[in-house]
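Have a look at the structure below before the remarks.
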Amino acid sequence: MDIKRDCFLPALKAALKNERVSWTEELESQDWAELFRIAAEHKVLPLIYQAVYDCPAARKMEPQVFMSAKQQTIRSVMLQTMKTNEFLDLFQHLQKAGIQALVVKGIVCRNLYPNPDYRMSGDEDVWIPEDQFELCHQAMLDYGMQLADPEKDIAAVYEVPYGKPGSPLYIELHKNLFPPESKAYGDFNRFFADAQERSISLTIEGKTVVAMGYTDHLFYLICHAFKHFLHSGFGIRQVCDIVLFANTFGSQVDWIRVLNQCREIRADLFTAALFRIGEKYLTFDPIAAAYPKEWQDISVDEQLMLDDLLDAGIYGDGTMSRKHSSNITLNAVASEKQGKKTGSSLLKALFPSVTQMESRYPYLKKCPYLLPAAWVNRIWKYRKEIQASDNNDAVESIQIGNQRVRMMKEYGILK
């Protein structure tokens, strides 16, 4: 039995429909354990547990088989409920302070699920005009938030993370939606230059939040998934978010604008594959989403994408080997955008430029001549990770990276 395809995907589809599976065929205890492991890896354990715990096949098993998943589900839902309530209060505080803040992903997507707090969010993303950062930073401090990394130069980075002592709330405050310095996807910001002017208000749990317009937000969800795909991949939850968003708001989306913008960044086949996966394995409804013929006529094999995202884990970090493979894929994309051959991407992955390294080693901004020392430090840290992990292998990273480069060529992302 293929647990991912025969159990995980059907259970997830049932959860998105607020239904429960009706499995009668007995599963072994190790099959249940694997199902819950995959669900946890993709951060959808509460969704899966809710869909399967009371089916005939589950009732045949000893209760202890489900005990850990049940406990994790209860903790996760309680924690998410706390984070949701705290975030809504914080957002009202920012609005009263005169901040033109927009909610991105997170709570907007979560609200589309039948049981919103069963869709976990590690953080909440807030996007503000860059010239309001100092005002917003002070408002965050006034609310009791603290910098998650006090050593970081908050004036120099595109996003600033905050936590709150005694609270599970974690915020990523964006000055830009994507890091402008990224050669692979920094240029995505241009599509959202006027997005704040097209913002809309949504009511979530009786409180008003401001978000990007429907077309901008759907395209952003696609770009966000695409960004992670260019790294080391992304998991099924992001596909669920995109599918539910399209089902709910698709009739108000300018699909042709989304298609043209996807073509600009070579993400049209990538996106068509996501919707094909959504239609075949999840709950995507082309009619409800007003999904036009121009999109439906795109011929694409979604199986490569499905295999990749099921292996990826939530953000491509299913294994350390896979995570480190992003050096190869990112450099391949960046090289092609600069009109260079992708064949040199392996060398660049091993020895990145000053620009690529300075976010991790801030001293390079003032002392770029220390780049060789940063390379040595990076390699040393990588060796420590290899020794500390049983799923981290340099040769495997190269193999995964090269395989994913070939897949990107199949989807027209690379030539």
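Some points to look at:
- For region 135-154, filtering for residues that are out of contact with any strand residue (DSSP E or B) (no Cβ under 7 Å at 6 or more places or on another chain) and closer than 21 Å to residue 197 by Cα leaves 1.
- Odd one out for residue 103 among (1) open to solvent by 40 Å² or more (accessible area, probe 1.4 Å); (2) modelled with pLDDT of 95 or more: (1)
- Given (1) over 22 Å from the mean Cα position of the chain (by Cα); (2) surrounded by fewer than 16 Cβ atoms within 10 Å (Cβ to Cβ); (3) at pLDDT 80 or above, index of the condition residue 412 fails: (1)
- Residues in region 169-205 that are open to solvent by 30 Å² or more (accessible area, probe 1.4 Å), assigned to a loop (DSSP other than H, G, I, E, B), of a type in the set (D, E, K, R) and in contact (Cβ under 8 Å) with a residue 24 or more places away in the chain: 3 in all.
- Residue in region 127-147 that is of a type outside the set (Asp, Glu) and under 21 Å from residue 256 (Cα atoms) present: no
- Hits in region 86-98 (condition: open to solvent by 10 Å² or more (accessible area, probe 1.4 Å) and farther than 16 Å from residue 165 by Cα): 92, 93, 95, 96, 97, 98
- Being within 14 Å of residue 173 (Cβ to Cβ), among the hydrophobic types (A, V, I, L, M, F, W, C) and open to solvent by less than 40 Å² (accessible area, probe 1.4 Å) is a description that does not apply to residue 108.
- Residue that is farthest from the chain's Cα centre (by Cα), among those in region 251-274 that are surrounded by fewer than 22 Cβ atoms within 10 Å (Cβ to Cβ) and among the small types (Gly, Ala, Ser): 251
- Condition check for residue 245 on (1) part of a helix (DSSP H, G or I); (2) touching a residue at least 60 places away in the same chain (Cβ under 8 Å); (3) buried (at least 23 other Cβ atoms within 10 Å of the Cβ): one failure, at (3).
- Verdict on residue 208 being among the polar types (S, T, N, Q), part of a strand (DSSP E or B), touching a Ser or Thr at 6+ places or on another chain (Cβ under 9 Å) and more than 20 Å from residue 131 (Cβ to Cβ): yes
- When residue 9 is tested against the conditions (1) out of contact with any strand residue (DSSP E or B) (no Cβ under 8 Å at 6 or more places or on another chain); (2) within 30 Å of residue 164 (Cα to Cα); (3) not small (Gly, Ala, Ser), the lone failure is (2).
- Test result for residue 27, within 21 Å of residue 244 (Cβ to Cβ) and surrounded by 22 or more Cβ atoms within 10 Å (Cβ to Cβ): no
- Residues being part of a loop (DSSP other than H, G, I, E, B) and either in contact (Cβ under 8 Å) with a residue 40 or more places away in the chain or among the charged types (D, E, K, R) (or both) - total across region 84-127: 15
- Looking across 41, 62, 34, 130, one residue alone is open to solvent by 40 Å² or more (accessible area, probe 1.4 Å), in contact (Cβ under 8 Å) with a residue 12 or more places away in the chain and in contact with a Ser or Thr (Cβ under 9 Å, 6 or more places away or on another chain). It is 62.
- Taken together, the residues in region 21-62 that are of a type in the set (Val, Ile, Thr) and farther than 18 Å from residue 315 by Cβ amount to 4.
- Set side by side, the residues 239, 253 differ, and just one is touching a helix residue (DSSP H, G or I) at 6+ places or on another chain (Cβ under 8 Å) and within 27 Å of residue 19 (Cα to Cα), which is 239.
- For residue 216: the one exception among (1) in a helix (DSSP H, G or I); (2) open to solvent by 10 Å² or more (accessible area, probe 1.4 Å): (2)
The values are calculated or read from the model by the stated rules, or taken from the named source; none is laboratory data. Computed from a prediction, not measured in an experiment: that's the story for all the values here. Here Cβ is always computed from backbone atoms with ideal geometry, including for glycine, and neighbour counts include all displayed protein chains. What goes into the accessible areas is simple: the full protein's heavy atoms, side chains included, and nothing from ligands, DNA or RNA. Shrake-Rupley method; radii C 1.70, N 1.55, O 1.52, S 1.80 Å.
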